[in-house]
Amino acid sequence: MGMEEETLAADGSAHYRLRCGPEHEGGPGVAHGGWISGVFVEIVGHLAVQMEQLAVTGALSVTYRKPVPINRPLTARAWLAGKDGGKWTVEGSIHLASSGTELAHATALLVEREMSHYTRAREWLGREEAGSDGTA
């Protein structure tokens with residue numbers, strides 16, 4: 001996803017240095033919106049990992065404020081905005097490193113999970129595939 005460095009600040013926020021490569025170009029010289037959304041999924045998820053909690057993304061809302069340039073240094077930040085039981089509201093932002101201008105902002109809902117979540121997902125997929133053509 002173009003992440004070059006990741007640090008956890010004393011306030012619990014996660015900070016990143018990143019760059020969008022030309023393989024993720026959308027319009028001329030700018031990042032594809034899918035790359036931007038993907039970065040947000042990564043950084044909000046990494047925040048939970050850095051806090052030693054397994055969580056999955058339940059929802060993600062992205063506001064694209066300015067074009068995100070390719071091949072330019074960028075910074076990103078993710079922080080816990082709220083927590084209600086096992087549901088976290090995490091916000092994130094991507095900035096142009098040279099000026100600090102915010103280029104995109106996201107709000108995500110993360111849901112805490114145990115490792116058994118992935119076992120159940122594999123079992124469900126096996127049942128789905130077995131029912132689709134009877135060969136699995």
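For S13, the conditions (1) of a type in the set (G, A, S); (2) in contact (Cβ under 8 Å) with a residue 60 or more places away in the chain; (3) buried (at least 18 other Cβ atoms within 10 Å of the Cβ) all hold with the exception of (3). Residues in the range 58-68 that are surrounded by fewer than 17 Cβ atoms within 10 Å (Cβ to Cβ) and touching a Gly at 6+ places or on another chain (Cβ under 9 Å): Y64, P67.
In the range 65-83, is there at least one residue being over 29 Å from Q53 (Cα atoms), part of a strand (DSSP E or B) and at pLDDT 95 or above? It would help to see each step written out before you state the result.
First, pick out the residues of the range 65-83 that are over 29 Å from Q53 (Cα atoms): 65-73.
Of the ones still in play, those that are also part of a strand (DSSP E or B) are 69.
In the following step, the residues that additionally are at pLDDT 95 or above were identified as 69.
Among the residues of the range 65-83, at least one is over 29 Å from Q53 (Cα atoms), part of a strand (DSSP E or B) and at pLDDT 95 or above, which makes the answer yes.
A search for C-beta distances below 6 Å between a residue of the range 33-53 that is surrounded by 15 or more Cβ atoms within 10 Å (Cβ to Cβ) and any residue that is part of a helix (DSSP H, G or I), counting only pairs 6+ apart in sequence or on different chains, returns W35/H24. Within the range 1-40, the set of residues being closer than 19 Å to K66 by Cα, more than 15 Å from the chain's Cα centre (by Cα), assigned to a strand (DSSP E or B) and not β-branched (V, I, T) comprises E25, A31.
The set of residues from the range 83-121 being closer than 14 Å to R65 by Cβ, out of contact with any Ser or Thr (no Cβ under 7 Å at 6 or more places or on another chain) and either among the hydrophobic types (A, V, I, L, M, F, W, C) or crowded, with 19+ Cβ neighbours inside 10 Å (or both) comprises G92, I94, L96, L103.
The values are calculated or read from the model by the stated rules, or taken from the named source; none is laboratory data. Predicted model, so just to flag it, every value in this text is computed and none were measured. As a convention, Cβ positions derive from the backbone with ideal geometry for all residues, glycine included, and neighbour counts pool all protein chains shown.
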